[in-house]
Amino acid sequence: MRIIAGIFKGISLNIVSNVGLESDLRPTTDRVRENIFNILSGGRFDDPLTNARVLDLFSGTGALGIEALSRGASNITFVEKNPKACKLIQKNIDLTGVGTQVRIINTNALALKINSNSPFNLIFLDPPYGKGWGSEALKNAYNTGWIGKNALVVWEENSIQIAPDGFLLVHNKSYGNSKVTFLRAL
């Protein structure tokens, strides 16, 4: 697993098998991640990456968020409930030297508390497939002030997702077993 483009291009990230998480995490493949970022950089959504405030729910390895930082995001907050995964994210952040632009919250993405900071404008949502947690986490983050108006949501699951209340479906794409749904917060 590597960073595909930007200032950290080519950096190899620590992977789940290095820390005994292979049964707990399903990292986004390099191919799917590259396609997601090609869409984000392709002009369809203006420029959602430059100076973006990114929220990464169900962060896993942190690869999506680190890729966003590599491509111009200003900061990222990772939300991950597995303590071992949080340590893996920290190891991957240490490879880049951007610790001041990062916050790791070790909590369940389904139970975020009220956000006392500015809302985020780019959200990555990569929950465990088929459990229905994505919609629940998205609604909770929206209702607790984590997601800003007009924020772009990139949601990876095993099926195309229906936009929950407060969101508009703007695009979707299939990559084998992975389906990526793009939403706008209203």
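Just so you know, all these numbers are worked out from the coordinates, no wet-lab data involved. All values reported here derive from a predicted model rather than from experimental measurement. Cβ atoms come from the backbone with ideal geometry, glycine included; neighbour counts cover every protein chain shown.
Summary table below
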| item | result |
| --- | --- |
| Kirkwood Rh, angstrom, the chain [1 / mean 1/r, Cα pairs] | 16.1 |
| Whole-Hz ³J(HN,Hα) from phi, Karplus 6.51 cos²θ - 1.76 cosθ + 1.60, for the range 160-171, glycine and proline x | 5, 9, 8, 5, x, 3, x, 9, 10, 6, 10, 5 |
| Potential lengthening between Ser116 and Ile15 on full extension [0.36 nm per residue; Cα-Cα distance subtracted] | 33.1 nm |
| Highest-fluctuation residue, Ala111, Ala137, Ala63 considered, GNM on the chain with Cα pairs under 10 Å | Ala111 |
| Per-residue [θ]222 nm for the chain (sum of -39500 (n - 2.57) over DSSP H runs n ≥ 4, rounded to 500) | -7500 deg cm²/dmol |
| Over 26 Å (Cα to Cα) - which of Lys139/Lys173; Lys139/Lys179; Lys81/Lys139; Lys87/Lys173 fall in this group | Lys87/Lys173 |
| Cα centre as origin, Lys/Arg/Asp/Glu Cβ charges: the range 16-185 dipole, Debye | 200 |
| Built amide H within the under 5 Å cut-off of Tyr175, gap 5+ | Val180 |
